[in-house]
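One structure is given here, and the rest of the page talks about it.
The values are calculated or read from the model by the stated rules, or taken from the named source; none is laboratory data. Keep in mind it's a predicted model, so treat the numbers as computed, not measured. Every residue, glycine among them, receives a Cβ derived from its backbone with ideal geometry; neighbour counts consider all protein chains shown. The protein model used for the area step is the full one, side chains on, heavy atoms only, and it has no ligands, DNA or RNA in it. Shrake-Rupley method; radii C 1.70, N 1.55, O 1.52, S 1.80 Å.
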Amino acid sequence: MPVPLDEPGLRAYLTGRPAYRRTRYLVARHGDAAAVLEVSKESEQPLFSPITAVRLVAAAGETAFVDAPEADTAIPSQLAWAAAEQAPQARCVIVRGRYGHVSFIADPAPVRVTVLEVVPPRPAKLVDQLARVLDLAEDLPPVELVPDLVDLADLAGSRPSGHYLFPCRAGGSGADGFAAGEAGAGGASVSYLDEVPARRPWTLVGCARSRAIHDFFYGDDVDMVDMCPRALASHRLAGRPGPVVTKCCLLEDRVSADGDCVVVPWGATFAQVKEGLQLALLAYGQARNE
């Protein structure tokens, strides 16, 4: 703009000029400086209407303009990511992103959502699903995922044993640190419950569902290390502020919420993952407003 980026100068320059009926915000640039304005119009009925009021949302001294060609500026979480990556000190960040579209984020403060998950497989499935949901979530506020990953080999090692039984071989199960069927780390051997191996004096690294399956096939008592993310979250994250999303295989077709801790099925669809995230954010927002 051909005027300094202060509110009096911008008001004098813009008042009376026509603006599109859907226009609410303007990005003003003068040289390398940029500012964000909110405008009011005489009417929102005709296609264009004169600007009647101008309010400075973010002054040039607190605003940064960045290029992030991979960021979709219609997605709040992607705007927050671009702001954090390229202009973490700015109160307001204007982003020119994918398709050349421009938008801004003021006072970026994404909600930090803790995701408790067990690994392997890697990448952690629930974290990856949530990240992919956020890549398309136009209707959710900015979110920062905070993975809290529990390594199943480390969890097994908390209960020393000569032989471990993991639920399944898929994704490596918990056996990254062990050699399946033979002596591995610490001299332990590994079997997989879904292969229904011959009974041995093993320690089951599993959950309530794994225990029920073990009882069905073997019908005897077994030493067990609980790997259920839901159970781990209940003590591992106790007292930690902010929403939590985790999973449990006892949930087969629904999402469960206990305050701002939300549990999705082990094999959750993307729709269920998004539903869980929405519930966690809703509970968190309600708690903050109480």
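Only residues that are hydroxyl-bearing (S, T, Y) and within 16 Å of V93 (Cβ to Cβ) were counted across region 18-50, and they come to 1. Within region 88-114, the set of residues being open to solvent by 80 Å² or more (accessible area, probe 1.4 Å), in a strand (DSSP E or B) and over 11 Å from V66 (Cβ atoms) comprises just one member, R112.
Exactly one residue among A53, A60 is buried (at least 18 other Cβ atoms within 10 Å of the Cβ) and touching a strand residue (DSSP E or B) at 6+ places or on another chain (Cβ under 7 Å), and that residue is A60.
Within region 118-134, is even one residue among the basic types (K, R), closer than 22 Å to A87 by Cα and open to solvent by 80 Å² or more (accessible area, probe 1.4 Å)?
Residues of region 118-134 among the basic types (K, R): 122, 125, 132.
Filter again for closer than 22 Å to A87 by Cα, leaving none.
No, the conditions are met nowhere in region 118-134.
In the set (1) open to solvent by less than 40 Å² (accessible area, probe 1.4 Å); (2) at pLDDT 95 or above, E42 fails one condition alone, (1).
Of all residues in region 54-82, those that are charged (D, E, K, R) have Cβ atoms under 7 Å from Cβ atoms of residues that are open to solvent by 50 Å² or more (accessible area, probe 1.4 Å) and not in a helix (DSSP H, G or I), 6 or more apart or on another chain, in E62/R91; D67/R96.
When L277, L237, L282, L251 are screened for being under 23 Å from P142 (Cα atoms), at pLDDT below 95 and open to solvent by less than 20 Å² (accessible area, probe 1.4 Å), only L237 passes. Before we move on, is L130 touching a residue at least 24 places away in the same chain (Cβ under 8 Å), in a helix (DSSP H, G or I) and closer than 14 Å to A280 by Cα? Spelling it out, L130 is indeed touching a residue at least 24 places away in the same chain (Cβ under 8 Å), in a helix (DSSP H, G or I) and closer than 14 Å to A280 by Cα.
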